[in-house]
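Below: the structure, in structure tokens.
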Amino acid sequence: MTQEPIQLVLCDMDGTLLMPDHSISSRTLAAVKALQAMGVYFTLASGRPPKAMRDQIKQLGIELPSAAFNGGVLVHADGSYLQSYPLPYEAVKTTLQILLAQPEVEVWVFADDQWILRDPLGPMVPREHAALGFDPLVVTDFEAYSQRVEKIVAASGNASLLIELEHQLQGALGDQAIASRSQAFYLDVTALQANKGDALVTLAGLLEVPLANTLVIGDGGNDPAMFKRAGISVAMGQADGEIRRQADYVTSANDEEGVAQALERFVLKR
């Protein structure tokens with residue numbers, strides 16, 4: 001089957017575009033710059049809040065909208081919102097009730113472009129701080145923000161517990177919200193419309209690019225939603241087997257510059 005020429009690339013960040021130290025390799029940066037010079041669109045879809053994407057957007061020279069919070073927010077390159085899907089209040093209450101009952105789980109709320117938590121000394125906090133690049137807002141409870149929550153995260157070193165909580169939340173939330181693990185130790189809860197598949201459709205529509213001419217790259221449980229909609233989907237080599245099976249192709253791991261390899265294969269060499 002003849003491959004349609006790629007006109008838009010939508011790429012996940014953590015575990016995909018970024019190296020384990022959260023940097024962008026010189027080879028990957030060069031590949032992105034090369035495809036931009038060809039007139040191919042490149043932008044990001046991440047579970048991160050918009051504030052934690054700005055440095056990479058600037059480094060990559062992205063002038064297009066990108067998708068934060070798994071598509072819960074589409075944001076222009078200047079930081080202004082294009083569209084936003086906050087969590088329904090009932091979904092917020094249900095999620096917090098379940099997660100706050102788990103002593104092994106750290107609960108983080110994202111609202112007002114803030115990372116909000118109750119325990120700044122939680123064992124997962126330093127890792128998240130290094131990834132996001134900004135300090136959390138410490139509160140005694142989340143009620144003041146519950147009407148405008150864009151994402152809730154359950155973080156835990158107990159990956160099997162997060163798998164159980166993912167299934168529990170999916171059943172409890174029904175069609176109110178989505179619960180999916182973005183990484184082994186992170187479980188995200190976002191609005192139903194906040195998924196990378198819908199984000200891809202919206203961004204492609206804005207740019208007048210047919211979905212058949214799109215390429216997506218990811219590694220986590222929130223990425224198959226865009227795998228199913230794209231012309232070509234690529235999973236990272238270190239992704240779980242279930243994630244890899246849902247993609248059209250598998251590239252190398254993020255610490256082996258798998259994104260650069262995919263861009264070279266499917267865009268730059270054609």
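The values are calculated or read from the model by the stated rules, or taken from the named source; none is laboratory data. All of these numbers come straight from a predicted model, not from anything done at the bench. We place every Cβ from the backbone using ideal geometry, glycine too, and count neighbours over all the protein chains shown. Just so you know, the surface numbers come from the protein's heavy atoms only, side chains and all, with ligands and any DNA or RNA stripped out. Shrake-Rupley method; radii C 1.70, N 1.55, O 1.52, S 1.80 Å.
Please verify whether segment 79-89 includes one or more residues that are over 24 Å from L206 (Cα atoms), over 19 Å from the mean Cα position of the chain (by Cα) and of a type outside the set (A, V, I, L, M).
The answer is yes, given that some residue of segment 79-89 is over 24 Å from L206 (Cα atoms), over 19 Å from the mean Cα position of the chain (by Cα) and of a type outside the set (A, V, I, L, M).
For segment 128-138, indicate whether the set of residues that are open to solvent by less than 20 Å² (accessible area, probe 1.4 Å) and under 19 Å from Q193 (Cβ atoms) is non-empty.
no
Listed here are the residues, each with its yes/no results for (1) at pLDDT below 95; (2) of a type in the set (D, E, K, R); (3) assigned to a helix (DSSP H, G or I); (4) within 21 Å of F42 (Cα to Cα).
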{"position": "Q168", "(1), (2), (3), (4)": "no, no, yes, no"}
{"position": "G171", "(1), (2), (3), (4)": "no, no, yes, no"}
{"position": "I178", "(1), (2), (3), (4)": "yes, no, no, no"}
{"position": "D188", "(1), (2), (3), (4)": "yes, yes, no, no"}
{"position": "L200", "(1), (2), (3), (4)": "no, no, yes, yes"}
{"position": "N222", "(1), (2), (3), (4)": "yes, no, no, yes"}
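Any residue in segment 166-185 that is closer than 17 Å to V107 by Cα sitting within a Cβ distance under 6 Å of a residue that is open to solvent by 60 Å² or more (accessible area, probe 1.4 Å) and assigned to a helix (DSSP H, G or I)? List the pairs, counting only those 6 or more apart or interchain.
Close Cβ pairs satisfying both conditions: A179/Q170.
Is there a residue in segment 34-49 that is among the aliphatic types (A, V, I, L, M), in a strand (DSSP E or B) and within 11 Å of the chain's Cα centre (by Cα)? Full working, then the answer.
Initial filter on segment 34-49 (among the aliphatic types (A, V, I, L, M)): 34-35, 37-38, 40, 44-45.
Filter once more, so that each one left must be in a strand (DSSP E or B): 44-45.
Those still in the list that are within 11 Å of the chain's Cα centre (by Cα) too: 44-45.
Yes, segment 34-49 contains a residue that is among the aliphatic types (A, V, I, L, M), in a strand (DSSP E or B) and within 11 Å of the chain's Cα centre (by Cα).
Going through segment 243-270 one residue at a time, which ones are of a type in the set (A, V, I, L, M), free of Cβ contacts under 8 Å to residues at least 60 places away in the same chain and either out of contact with any strand residue (DSSP E or B) (no Cβ under 7 Å at 6 or more places or on another chain) or assigned to a loop (DSSP other than H, G, I, E, B) (or both)? Steps first, please.
Step one: of segment 243-270, the residues of a type in the set (A, V, I, L, M) are 243, 247, 250, 253, 259-260, 262-263, 267-268.
If we keep only those that are free of Cβ contacts under 8 Å to residues at least 60 places away in the same chain as well, we get 243, 247, 250, 253, 262.
Scanning segment 243-270 gives A247, A253.
Name the residue, out of Q193, Q147, Q176, Q170, that is open to solvent by 20 Å² or more (accessible area, probe 1.4 Å), under 16 Å from the mean Cα position of the chain (by Cα) and at negative phi.
The conditions single out Q193.
State the number of residues belonging to segment 71-93 that are surrounded by 19 or more Cβ atoms within 10 Å (Cβ to Cβ) and assigned to a helix (DSSP H, G or I). Don't jump to the end; show me each part of the working.
Let us first name the residues in segment 71-93 that are surrounded by 19 or more Cβ atoms within 10 Å (Cβ to Cβ), namely 71-75, 85-87, 91-92.
Checking the rest, the ones that are also assigned to a helix (DSSP H, G or I) come to 71, 91-92.
Qualifying residue count for the region: 3.
Return the residues of segment 8-59 that are in contact with a strand residue (DSSP E or B) (Cβ under 8 Å, 6 or more places away or on another chain) and more than 30 Å from A111 (Cα to Cα); say none if nothing qualifies.
Those that are in contact with a strand residue (DSSP E or B) (Cβ under 8 Å, 6 or more places away or on another chain) and more than 30 Å from A111 (Cα to Cα): V32, L35, Q36, V40.
When only residues in segment 121-144 that are closer than 21 Å to E90 by Cα and of a type in the set (A, V, I, L, M, F, W, C) count, which is nearest to the chain's Cα centre (by Cα)? Before you say what the answer is, go through the steps one by one.
At the first step, the residues of segment 121-144 found to be closer than 21 Å to E90 by Cα are 139-144.
If we keep only those that are of a type in the set (A, V, I, L, M, F, W, C) too, we end up with 139, 142, 144.
Values: V139: 25, F142: 23, A144: 26 Å.
Here the answer is F142.
Given the criteria open to solvent by 10 Å² or more (accessible area, probe 1.4 Å) and at pLDDT 95 or above, does I116 qualify?
On the way: open to solvent by 10 Å² or more (accessible area, probe 1.4 Å): no; at pLDDT 95 or above: yes.
No.
Of the residues that sit in segment 228-242 and are open to solvent by less than 10 Å² (accessible area, probe 1.4 Å) and not in a strand (DSSP E or B), which one is nearest to V259 (Cα to Cα)?
M236
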